[in-house]
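Taking it in order: structure first as C-alpha cells, then the write-up.
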Amino acid sequence: METSKKYSFWKGANTYCREYTEISGIHGLRYLTEKRTVFEKILWGLLLLMSLAGCTLMIYQIVERYKNSPIVVSFATKDTPLFSIPFPAVTICPESKCLEDHFNYSDAYNKIFHSNARLNSTEMRNFYYISLLCNSFEQNAFFTYVYNTAFQVENDFSDIINELRPDELISCSFMGDDCMDHLYIVLTDQGICYSFNIVDQEDMFRSDVIYYKPYRNLTAKPVSYNSDTGYAKDAGINAYPKRALLSGADDSLNIELAHERYTTDLLCNKNNQGYKVLLHNPLEFPRLSKSYFRVPLQKTVAAMVEPALIATTPAVKNFNPDSRNCYLENERPLLYFKPYTQLNCLLECEANFTLMICGCVTYYMPRQNYTKICGITDSVCAQKVLKKLKIYELNNEISGFSNKSMCNCKPSCTSLKYNAEISLDDNYMKDYLTMINTTALLGLENYYYSSLFVYFKSDQFTAIERNELYGPSDLVANFGGLLGLFTGFSLISGVEIIYFITVRIYYNIQLYGNWFGRIN
C-alpha cells in the first residue's frame, strides 16, 4: 500500500512537470519530460546546461563591468549655452620681475661677482627676494655659496616684490567696458601677476590662511557660481564671476601692456621676455609653471576659446566617490581652499608635504601664520620633495595602489577648462601713437607694446557628461535579453514558475485533494 502511494506521488509529480513544460515558454524543457529515449533526454539536458552556463557567464561579465566601471563618459545630448558658464579667469605674468628704477638686479649681481662689493641690508634683501623669482640656477647657486647662509624670507616678501615690480598694464576692456577695476594683483609661482575674473581672496581661501593681501577686489560681487550646480537661478546677467555672454572677437577681453624698453633686466629669466598667460577656472588658483601660452613683446595675441566642460548627471551623484572617480564640491574639504578643484587640492597637498619634509613652504603656497617661507637653500629641498611626491603618486597609479595616495586629489565631478587657439601678429601700437602725435606726449616712446584678445568661438558648445553605465531599465533589458536569447525566459515565465509552485498547488488540493490535480 505504501509503495502504491509512493508510485502515485511520483506519477503525479511527473504529470505535473509535463503539464508545466508543455505550456512554458522556456526552450527545451518539454523534451526532458516527454516519453522519449534516454539518449534524447541526455542530449537536451546537456544543451540546456550549456545554454544556461553561457547565459550565466555573460550576466556575470555585465555585473563585473558595472561593479568595476559603473560610470561612462559621453557627449551631452544637446548643446550647452555659453551664458551658463563663467568667462575664463585670465592670469598674466610679466617675465620681468623688477623695474630698474626700483632695483637694479643685474648691477647688484655684478657688484658681488666682479667687485666683491658688499650690498647694504636693503639691497641684499631685494636681491635675495628677486632671486627666488628667477628661473636661473646660476645666481641662486652663486648667492648660496658666496654668502654661505640661508637668508631668511620674512612676511614682507610679497610687499617687497610688489613694490619692485614693473607696472605694465595700460588698459583693460571687457565687451567694450573698462575692466581695470576687475584686475587682481595675485602672487603666483611666477611672482606678481594680474588676474581678471578670478574669485576674491575671501572666496578662494579659508579665513586662517595667510596670503598676499593686495589680492582683493572690493568691487567684486559675492560669488554666485558653484562648480556642481552652476550659476544660481537668481544670479542674473551681472553675476560674479562674470558670465561668458557673447562669442566673437567684437565681444572680447582686450588687455594692453607696455614694457619699458631700457629697463629690461636680462639676468633674471634671461632666455624669456614678454608675458605668460593662463586661462583657467575662476575658482582655481593659477599655476603657470604647469601650463601657459606666451605673449611676446611687440606682438598681438588673439586667443579663441573653446570651453571643455565635464558635467555629472544626478544619477551619478548617488555613487560613492571611488566608484565615480570624482568629488562633488563638498565631499573633499580642503584645509586652505574653499572651492574644491583638482589643482587646488594638488597645490595644498604639495604645500603640506613640503612643510612636513622641509619645515617651510614655497613663497606662492598658501600657509598659516606660523609657517615659514622657504628661502633659496630651502627651495632646493622643496624642489626635490615635490619631485619625490610626484614619483610616489605616479608609482601608486601605475601599480594600482591609488588608495595609498598621499594627496587623494580626484577630479571634480563637474570640471571646466578652456582650450584656446592662438594666433600671433605684430603690434603696431607705437606706430599708431606716433601717427597721431601722442607717443611723446604720453611718454610712451621707449616702450614695447603687447596686446591680448580673449574671446569665445561660438555661442554654444558640446559638453561631456558622466552617466551611469547601466540604469535600472538598462540592467533589466540586458539581463532579460540574455535570458530570452539563451533560454526563452521572460517575466511571464517567472510568474508561471511561481504560480505552479504556490497558487496552483493550493487550489489543486482544494479541488482534487492532492498537489498535482487530476491524475489520469
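The values are calculated or read from the model by the stated rules, or taken from the named source; none is laboratory data. Here the structure is a predicted model, which is why all the values come from computation and not from measurement. Virtual Cβ from ideal backbone geometry, glycine too; neighbours counted across all protein chains shown. To get the accessible areas, we keep the full protein, side chains included, count just its heavy atoms, and leave off ligands, DNA and RNA. Shrake-Rupley method; radii C 1.70, N 1.55, O 1.52, S 1.80 Å.
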- Message: Could you check segment 65-79 and list, in sequence order, the residues that are over 19 Å from the mean Cα position of the chain (by Cα), outside any loop (DSSP other than H, G, I, E, B) and in contact (Cβ under 8 Å) with a residue 12 or more places away in the chain?
- Response: Arg65, Tyr66
- Result of the Cβ filter at 9 Å on segment 371-385, keeping first residues that are over 17 Å from Tyr129 (Cα atoms) and partners that are open to solvent by 40 Å² or more (accessible area, probe 1.4 Å) and not in a loop (DSSP other than H, G, I, E, B), at least 6 apart or interchain, is Thr371/Ile210; Thr371/Leu355; Cys381/Ile357; Lys384/Ile357; Val385/Met356; Val385/Ile357
- Quick one: Gln61 ticks every box in (1) open to solvent by 50 Å² or more (accessible area, probe 1.4 Å); (2) assigned to a loop (DSSP other than H, G, I, E, B); (3) not hydrophobic (A, V, I, L, M, F, W, C) except a single one, so which number is it? (2)
- Task: Inspect all residues belonging to segment 218-235 and state whether any of them is out of contact with any Leu (no Cβ under 9 Å at 6 or more places or on another chain), modelled with pLDDT under 85, closer than 22 Å to Tyr364 by Cβ and in a loop (DSSP other than H, G, I, E, B).
- Result: yes
- Query: Pick from segment 308-327 the residues that are open to solvent by 30 Å² or more (accessible area, probe 1.4 Å) and closer than 24 Å to Phe87 by Cβ: which of them is farthest from the chain's Cα centre (by Cα)?
  - Reply: Ala308
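Here is a yes/no grid of residues against (1) surrounded by fewer than 16 Cβ atoms within 10 Å (Cβ to Cβ); (2) touching a strand residue (DSSP E or B) at 6+ places or on another chain (Cβ under 9 Å); (3) modelled with pLDDT of 85 or more; (4) at negative phi:
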site	(1), (2), (3), (4)
Asn140	no, no, no, yes
Phe151	no, no, no, yes
Glu154	yes, yes, no, yes
Asp159	yes, no, yes, yes
Glu168	no, yes, no, yes
Ser195	no, yes, yes, yes
Asp200	no, yes, yes, yes
Tyr215	no, yes, no, yes
- Message: Out of everything in segment 347-376 that is open to solvent by less than 20 Å² (accessible area, probe 1.4 Å) and aliphatic (A, V, I, L, M), what residue ends up being modelled with the lowest pLDDT?
- Response: Ile376
